[in-house]
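Q: Before I ask anything, here is the structure I am working with.
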Amino acid sequence: MILESHGDACRLGYLRLIACLLEDGSQRSFDFLASVLYDMLRNLEFYEPLTQKPTGLITRYVNARNYVTLAAEMGFIDRASQTIGEFGKIYLCLDSADKFRGFVEGRSIPSLNDIITLNDAEKFFFLWVLLNRDYPMIQHVLRWIIEKRSFTRQEAMNQIMEEFYPISLRKVLSTLNGRRREQIMREIEEAEGFRKRRLQMGDKISWIKSSQYAKYRHIAPPRLEWLVDCGILKRIGRGKYEIRENYLKSRTEILKLISLKPAKLDNHFFNEFVKLFSKSFSTANRYEILKTMIEVYERLRTLFGDEVNLSTLEYLTILVLMERGKFADLKMIHGSFNSLALKFPDKIYVIPGRKKNMNIAYINVEEIEV
DNA sequence: GATGTCGGCCGGGTATCCAG
DNA sequence: CTGGATACCCGGCCGACATC
């Protein structure tokens, strides 16, 4: 679960830049990343102003820093080593990373709009990351959204902070130890009294000025905004949200998806779930699948070395195909991989990985002719 | 001192309500 | 019904404080 969040950090798109900044594998302090990020962005608006400004734009060094923290929480940065994290690496294998890589390397200047909007594949990618990294908070929020369909920011804040926040904290408590655990235990105790204390507050003015409300603002609204970026919610007017039509239609499948723990959800996400949206893409043929898969393999190999997880390769192939307007489901991709492995048994093979249920894919790219 | 976390302040946009 | 006043609160900004 994402424990550190800040009201400033509402736009997921910025995380892509942070991944690019860490691509070479070197260690970078949070502070350094924040200042580079801030410097890169400071004059952007000048070139191509936005027609309407969303919340969460980076305008100061301090909020750039809040995004760096979010990147760590989202697994884009590995906190311990201050180098690129797993999800950051995976992101870098998408086609879209090229645009931001160009920006980071000073070859091109994107518009501010490019920086904050996500393409369809990226929307799925970030939703997948959220389901993994913000478990179980985001699952609670999603379930509630599906029931409510439309709601105000205000009621969502109360619901999230007074119901889901303490429940979720309790759930992650067992994964923590030492001082962190103590801290969270105190936090849970406090959170369980949130509603009571809010209702005790006489007038709304002092409520909004209260420290409790400030805390609400830092924890609840960013999650709603992340879901806006992922294309699940849309904002209607000030402080109001509504679920997008296509997500409402797939209600049962989504309820199934959010009932799964992170360890179980990946397969369901890239199998049953993304399939619901396949209509907006044309079907990929075997040649396209294999060509894309090998490209993705090469990218993964650069970042992960010899240990390319077969599942990651397959998931990413789905996403990159989407970026190219194509769709293939997991079965098709798996089948394509296997048929190629049969044809070139010495150049493509799978070996068991170190973790349970993990397989390492190996492809001798130079000698494969698709 | 550096780094990370918390939370208060307040400008200004927006919804709402009321008078005409 | 409509235009204007006003209460409300969103969201940006930044400083204080804690911890390493």
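Quick note: the coordinates plus some simple rules give every number you see, no bench work behind them. Worth saying up front: this structure is predicted, and the values here are computed from it rather than measured. Because the Cβ atoms are built from the backbone with ideal geometry, glycine has one as well, and the counts that use them run over all protein chains shown.
Q: Between A:W207 and A:E323, what is 0.36 nm times their sequence separation minus the Cα-Cα distance? Round to one decimal in nm.
A: Separation in residues times 0.36 nm, less the Cα-Cα distance, equals 37.2 nm.
Q: While we're here: Please check which bits of the stretch A:124-167 a label hung off A:Q200 would reach, taking the label as a point 7 Å along Cα-to-C-beta and the cut-off as backbone N under 16 Å.
A: none
Q: Based on the Cβ-Cβ distance of A:E369 and A:T283, what FRET efficiency does E = 1/(1 + (r/R0)^6) give at R0 = 25 Å, to the nearest 0.05? Before the final figure, lay out the partial values.
A: Details: r = 23 Å, r/R0 = 0.94.
That gives a FRET efficiency of 0.60.
Q: Could you work out how far helix A:178-191 tilts from the main Cα principal axis of chain A, as a 0 to 90 degree angle to the nearest 10?
A: 50
Q: Between A:T252 and A:T302, take the C-beta separation as r, use R0 = 25 Å, and let me know the FRET efficiency to the nearest 0.05.
A: Here the calculated transfer efficiency is 0.05.
Q: Another one. What do you get for Rg/Rh of chain A when both radii come from the Cα atoms and Rh is the Kirkwood radius?
A: Taking Rh as the inverse mean 1/r over Cα pairs, Rg/Rh reads 0.98.
Q: With a/c under 1.5 counting as rounded, go ahead and sort the stretch A:235-370 into rounded, prolate or oblate using the C-alpha gyration tensor (a ≥ b ≥ c being the square roots of the eigenvalues; past the cut-off, prolate if a/b is larger than b/c, else oblate).
A: Because a/c hits 1.5 or more and a/b exceeds b/c, the stretch A:235-370 counts as prolate.
Q: Only residues of the stretch A:208-248 count here: report those whose backbone N is under 18 Å from the spot 7 Å along Cα→Cβ of A:E187, or say none.
A: What the label zone holds, given the 18 Å backbone N cut-off, is A:211-224.
Q: In degrees between 0 and 90, to the nearest 10, how far off the longest principal axis of chain A does helix A:330-343 point, with axes built from Cα atoms?
A: Tilt relative to chain A: about 30 degrees.
Q: Between helix A:286-304 and chain A, what is the angle of the helix's C-alpha long axis to the longest principal axis, kept within 0 to 90° and rounded to the nearest 10?
A: 70
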